[in-house]
Amino acid sequence: MMTINQIDQLKNAYAEMLSTREQLMEDIISIVSDCSDSGHICEESSDMLQEMLCDAVCRNFPTK
């Protein structure tokens, strides 16, 4: 049986993982947008790349 302290530690670790996952997706969007703004990739490709990368983050860091 888990103690309340262990449960709290798991909850905190889960919350931290979700926060880190969200920050990673925000960073991806920012980086890809910067590349699009500078002309390195077109806007259509930028949107597709953002979606593909964020989907990969969600697959590798599931919430369930």
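Here are a few things to note about the model shown:
- Scanning region 38-51 for residues that are surrounded by 13 or more Cβ atoms within 10 Å (Cβ to Cβ) and either under 8 Å from the mean Cα position of the chain (by Cα) or not in a helix (DSSP H, G or I) (or both) yields a single hit, 41.
- Out of 28, 4, sole residue that is surrounded by 10 or more Cβ atoms within 10 Å (Cβ to Cβ) and β-branched (Val, Ile, Thr): 28
- The residue list 54, 35 contains one member that is at pLDDT 95 or above and surrounded by 12 or more Cβ atoms within 10 Å (Cβ to Cβ), which is 54.
The values are calculated or read from the model by the stated rules, or taken from the named source; none is laboratory data. None of the values given here were measured: they were computed from a predicted structure. Positions of Cβ are generated from backbone atoms using ideal geometry, with glycine treated the same way; all protein chains shown enter the neighbour counts.
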